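The values are calculated or read from the model by the stated rules, or taken from the named source; none is laboratory data. These numbers come from a predicted model, not from an experiment. All Cβ positions, glycine included, derive from the backbone under ideal geometry; neighbour counts span all protein chains shown. Heavy atoms of the whole protein, side chains included, go into the accessibility calculation; ligands, DNA and RNA do not. Shrake-Rupley method; radii C 1.70, N 1.55, O 1.52, S 1.80 Å.
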Amino acid sequence: MQKFYLTPKFFTLICHYKKEWLLKDLTAGIIVAIIALPLSIALALASGVEPACGIYTAIAAGFFVSVLGGSRVQIAGPTAAFATVVASIVATQGMDGLFIATILAGILLVIMGVLKLGTLIKYIPYTVTTGFTFGIAVTILAGQIKDFLGLTYASDVKAVETIEKIEANINAADTFSWQALLVGVVSLAILIIYPKVEKRIPPSLIAVIVSALMVKFIPALDKNVYTIGELYTIPAGLPSVDFAGIEINMDKVLALLPNAFTIALLAGIESLLSCVVADGMINDKHYPNAELVAQGTANIASVLFGGIPATGAIARTAANIKNGGKTPLAGIVHAAILVLVLLFLMPYAGLIPMPAIAAILFVVAYNMSEWRKVVKTVKTAPWKETLVMLVTLVLTVVFDLVVAIIVGMSLVIIFALANKLFKKKA
């Protein structure tokens with residue numbers, strides 16, 4: 001009997017669950033939660049929201065994608081792809097705007113899944129995805145220079161766009177802190193060198209622990225390096241969202257639709273790409289439309305739970321597989337462990353130095369940039385494909401992702417139509 005096209009993998013596997021999978025799922029879930037903890041906090045800060053929002057996102061998205069998704073090993077949560085989009089929405093429309101845009105994006109993703117559009121996303125040209133992915137990496141890197149160098153902006157400086165951040169960094173160069181740089185460099189060295197020596201413990205966890213101990217016990221650093229707790233509120237316990245304070249009107253909805261489409265498109269592309277990578281690693285086949293419905297549901301749940309947009313995370317999904325994860329239960333365990341962290345350990349997150357967070361995001365930016373693919377495209381691809389990639393990349397950095405995707409896709413369509421026209425004339 002053929003399965004319904006929106007059937008989650010969880011329900012197809014649970015009836016045939018093998019007892020030897022249980023320990024592997026539990027172990028993988030715990031390890032992935034340890035990896036997700038510092039990363040979720042870092043990505044929340046890069047997105048311009050409170051650090052706890054990253055944990056809320058990892059919990060809600062991790063649970064719903066695991067229960068409803070189309071992959072047996074997908075791990076969802078906050079990702080770097082959304083950082084610039086979220087930061088821009090929060091800066092211009094506030095948390096209300098982010099709430100509305102994410103709800104709309106979630107609805108769009110569910111509709112896409114129901115309409116069986118999961119297989120169509122693969123037709124988006126790699127030049128567009130490569131361009132905006134590299135562009136996002138550049139914006140993340142530019143946004144973290146301030147904390148890595150310990151710069152202090154003037155009180156009237158509100159740097160939102162990437163170019164504004166670069167200008168603000170240059171203007172604040174005289175506030176450079178060698179203490180912050182020292183903590184940042186040590187953290188970065190751990191993130192780069194530690195995985196070559198030891199792979200069982202996540203390097204980001206070691207980096208935040210070592211950097212926190214440095215700032216706590218070295219007097220010269222204690223008074224000159226900001227920690228998360230000095231700049232942000234670190235709440236313990238489950239989130240409390242005031243829905244009554246959220247104002248929704250048609251003008252806001254229409255203004256946020258482009259951002260909602262961008263979030264939905266990014267979530268769809270990244271989650272399905274992650275599923276494809278996972279399929280290759282475990283010799284399985286995901287259900288793309290079920291995955292889109294799950295991503296939509298997860299994004300709606302995330303903001304209702306106080307989080308931000310989420311999608312399948314390739315790095316965390318790969319870590320799940322490498323640590324023995326067999327079924328969606330590993331993702332559910334990962335979410336449960338993060339709930340325990342939220343309830344009992346969140347105050348300790350306030351001890352993490354900001355330069356360590358910046359170092360983690362530097363590595364995230366480097367890994368997502370896929371710079372080798374950019375170089376290969378420039379060297380070997382036809383000039384039209386190279387142009388599309390570079391235009392998308394530059395527009396992502398200079399303007400925003402919405403403009404970049406619209407212009408990039410428009411160029412692809414124009415070139416395709418021009419090719420057909422010339423062929424007919426010939």
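The convex hull defined by the C-alpha atoms of segment 325-381 has an orientation-averaged projected area of 6.8 nm².
Here the dipole of segment 307-426 is about 780 debye; that uses its Cα centre as origin and unit charges on the Cβ of Lys and Arg (positive) and Asp and Glu (negative).
Of the residues Thr27, Thr139, the one with the largest accessible area comes first in the ranking Thr27, Thr139, computed with a 1.4 Å probe on protein heavy atoms. Distant-in-sequence amide contacts of Thr311, defined by a placed amide H-H separation under 5 Å and a gap of 5 or more residues or a different chain, comprise Gly77, Thr79.
Annotation: amide H-H contacts under 5 Å for Thr227 (H modelled 1.01 Å from N, sequence separation of 5 or more, or interchain): Met354.
What you get for segment 270-360, charging only the Cβ of Lys and Arg (+1) and of Asp and Glu (-1), is a dipole of about 180 debye around the Cα centre.
Kirkwood's formula applied to the C-alpha pairs of segment 300-426 gives a hydrodynamic radius of 19.2 angstrom. Loop-located GluC sites (Glu not before Pro) across segment 157-226 with a Cβ neighbour count of 11 or fewer within 10 Å are Glu198, with loop assigned by DSSP. Taking all protein chains as shown and a probe of 1.4 angstrom, Arg372 keeps an accessible surface of around 150 Å². Cross-link partners for Lys216 among the lysines, with Cα-Cα distance under 25 Å and sequence neighbours closer than 8 places in the same chain left out: Lys146. 3J(HN,Hα) along segment 366-378, derived from phi through the Karplus expression 6.51 cos²θ - 1.76 cosθ + 1.60 where θ = phi - 60°, amounts to 4, 5, 7, 5, 6, 4, 5, 5, 5, 4, 4, 4, 4 Hz, with x in place of Gly and Pro. For the residue pairs Lys196/Lys373; Lys196/Lys322; Lys9/Lys322, the C-alpha atoms sit more than 21 angstrom apart in Lys196/Lys373. Dipole check for the chain: with +1 at the C-beta of Lys and Arg, -1 at the C-beta of Asp and Glu, and the Cα centre as origin, the magnitude is about 1960 Debye. The phi-based Karplus calculation (6.51 cos²θ - 1.76 cosθ + 1.60; θ = phi - 60°) puts the 3J(HN,Hα) values of segment 411-416 at 5, 4, 5, 4, 5, 5 Hz, whole numbers, x for Gly and Pro.
Of the trypsin sites (Lys or Arg not before Pro) found in segment 216-321, those that fall in a DSSP loop while having at most 10 other beta-carbon atoms within 10 Å are Lys223.
Calculated mean residue ellipticity, 222 nm, the chain: -24000 deg cm²/dmol, from DSSP H runs (n ≥ 4) at -39500 (n - 2.57) each, averaged per residue and rounded to 500. Placing a pseudo-label 7 Å from each Cα along the Cα-to-Cβ vector at Tyr348 and Phe217 gives an inter-label distance of 1.5 nm. I want to make sure I understand the PRE zone here: with the label point 7 angstrom from the Cα of Ile192 toward its beta carbon, which residues in segment 165-185 have backbone N atoms less than 13 Å away? Under cut-off, by backbone N: 184-185. Rolling a 1.4 angstrom probe over the protein heavy atoms with all chains in place gives segment 201-281 an accessible area of 53 Å² per residue. Cross-link partners for Lys24 among the aspartates and glutamates, with Cα-Cα distance under 19 Å and sequence neighbours closer than 8 places in the same chain left out: Asp279, Asp284. Considering only Thr233, Ile190, Gln179, and ranking their Cα positions along the charge dipole of segment 152-272 that arises from unit charges at the beta-carbon of Lys, Arg, Asp and Glu, the one farthest toward the positive end is Ile190.
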